[in-house]
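Just so it is clear, none of the values below were taken in a lab; they were calculated from the coordinates. Only a predicted model underlies this, so the values are computations on that prediction, with no experimental measurement involved. Note: ideal-geometry Cβ built from the backbone for every residue, glycine included; neighbour counts use all protein chains shown.
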Amino acid sequence: MFVRNAWYIAAWSDEVVERPLGRRILGEPVVLFRDSAGAIAVLQDRCCHRGAPLSLGDVVPRGIQCGYHGLVFDSAGQCVLVPGDHKVPPGARVRAYPAVEQDAFVWVWMGDPEHADRSILTQYPYHNDSRNWPHQHQTLHLRSGYLLVLDNLMDLSHLGYVHKGTVGGDATTHVEAKMRTVRTPNGVRFERWMLDSVPPPTYVKAVGFKGKVDRWQEIEFVAPNAVIQWNGAIGAGTGVLRDWKYDSAREDCFSMRLFHGITPETENSTFYFWSSANGYNQNDPSATTQLFEEIARTFEQDKVVLEAQQQRLLELPDGPLVEIHGDAARIHARRAIDRLIAKESGAMRYEHRASEDQTAPLKPGE
Ligand code: FES
Ligand SMILES: [Fe+2]
């Protein structure tokens, strides 16, 4: 089941160029293209003549032209040309979806267009700040349902097992990480602290740490589909973390931002739009590329686990699954989605339980 009344990432802006781009989102086939002024349009990928996918056609000055018999549709889905006919038959139109381009993404609203509210778009200004946060990005297709992808991001204790050789490092460090989890109005936010710990290989490669570090991770889930992450490390014992600040000018400081956009393709497959931004050596493009390659390798490791996990759960759906201490943020995230689905269906009013909040403050070093 999906939350429909929400903005979903349909593509990176730079994926939509001269050719139409066909993609399935929340189970629905859509086609993305740009009009002659460069504005983005998203239509149902089904011609209203004989049902051919419009994504097999071409972008033309008046819109998108079906590749079968040449009907042309404008950005609003209205048929504006039937080759050889003087007039367009009444009702010749296809569904158009509200779409917005922001922060290097194309966002699409898959629900009731009346509720498409631009003010609730998730903001990610770092994509527009290449001086301080140069970034690279990728679209990864996962044969895994979106909830499993979200679970993966909400429980970072997997880093020490799945990503030992990149961003993870020592497994015990992750298991023993100090954590604070706080429910937010539209999701959950958690912080992890690994003080006086051995830096993971990606961090060492980036800034050449020689000794132990104080390491942090801040993760926010904005339901139903965005995870915003800030990670870093600084030489151990500097005390900088005590004020929850860091100093990027220091040589022994590593910091990166990750954006994870989770868009269901079907119940069991997902488009994963992610970016990595370099916050430690911004003037060196090779540092940004090296970080991107490290993270790409990391997410390929997740892909292997997630796809195998999805297969196994489809094969054996009924066996028990238990919860452990690392599941707190994951449970909050799932509940945030449940609340949105419940609200959307109007079937029930979500009852908040006080036990869902774990807001006890945690001081660094505790
Ligand atoms: S199916 Fe599109 S023009 Fe005929
Ligand atoms: Fe991972």
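Legend note: in the chain, cysteines whose Cβ sits 4.7 Å or more from every other cysteine Cβ are Cys48, Cys79, Cys253. Paramagnetic label reach from Glu267 (point 7 Å along Cα→Cβ; backbone nitrogen cut-off under 16 Å): within region 277-315, residues 310-315.
Using Cβ counts within 10 Å as a stand-in for footprinting exposure, how do Val94, Val175 rank, fewest first? Mind dumping the intermediate values first?
Numbers: Val94 21, Val175 12.
Neighbour counts put them in this order, fewest first: Val175, Val94.
Extension gain for Thr289-Lys205 works out to 29.0 nm (0.36 nm per residue, less the C-alpha to C-alpha distance). Taking a Cβ cut-off of under 11 Å around Arg4, the surrounding Lys, Arg, Asp and Glu residues balance to a net charge of -3, with basic ones at +1 and acidic ones at -1. Counting other Cβ atoms within 10 Å as a rough exposure proxy, the listed residues Ile262, Ile341 run Ile341, Ile262 from fewest neighbours to most. If exposed chymotrypsin sites (Phe, Trp or Tyr not before Pro) are those in a DSSP loop with at most 13 other Cβ within 10 Å, what is the longest stretch of the chain that has none? Excluding the exposed sites themselves, the longest stretch runs over 1-243. Between 0 and 90 degrees, the angle of helix 285-315 with respect to the longest Cα principal axis of the chain falls at about 80 degrees.
Enumerate by residue number the GluC sites (Glu not before Pro) in region 260-344 meeting two conditions: DSSP loop (anything except H, G, I, E, B), and at most 16 other Cβ atoms within 10 Å of the site's Cβ.
Values: sites: Glu265, Glu267, Glu293, Glu294, Glu300, Glu307, Glu315, Glu323, Glu344; in loops: Glu267, Glu323.
Counting only loop positions with at most 16 other Cβ atoms within 10 Å, the GluC sites (Glu not before Pro) in region 260-344 are Glu267, Glu323.
What number does region 7-120 give for Rg over Rh if you use C-alpha atoms and the Kirkwood radius? Present the calculation step by step, with values, prior to reporting the outcome.
On the way: Rg = 13.6 Å, Rh = 14.1 Å.
Ratio of gyration radius to Kirkwood radius: 0.96.
Computed over the chain with a Gaussian network model linking Cα atoms closer than 10 Å, the most mobile of Leu313, Leu291, Leu340 is Leu313.
Each label point was placed 7 Å from the Cα along the Cα-to-Cβ direction; for Ser130 and Ala37 their separation is 2.5 nm. When Lys and Arg each count +1 and Asp and Glu each count -1, what net charge do the other residues less than 9 Å away from Trp216, Cβ to Cβ, add up to? Computed value for this residue: -1.
Taking 0.36 nm per intervening residue step and subtracting the Cα-Cα distance, what contour gain separates Gln311 from Ile331 on full extension?
Details: separation 20, 0.36 × 20 = 7.20 nm, distance 2.18 nm.
Here the answer is 5.0 nm.
Once the Cα-Cα distance is subtracted from the 0.36 nm per residue extended length, the Arg50 to Glu101 segment shows a gain of 15.3 nm. So what does the Cα-only Debye profile of region 204-334 read at q = 0.09, 0.17 Å⁻¹, as log10 I(q)/I(0), no solvent term? Results for region 204-334 at q = 0.09, 0.17 Å⁻¹ read -0.36, -1.08.
Stokes-Einstein diffusion for the chain, with the hydrodynamic radius set to the Kirkwood value over Cα pairs and evaluated at 20 °C in a medium of 1.002 mPa s, equals 96 µm²/s.
Please tell me the relative contact order of the chain in percent, rounded to the nearest whole number, where contacts are Cα pairs under 8 Å and at least six residues apart. Numbers along the way, then the final one.
Numbers: 764 pairs, mean separation 63.8, N = 366.
Reported as a whole number, the value is 17 percent.
Could you compute the longest span of the chain free of trypsin sites (Lys or Arg not before Pro) located in DSSP loops and having at most 12 other Cβ atoms within 10 Å, not counting the site residues? Between exposed loop sites, the widest span is 246-348.
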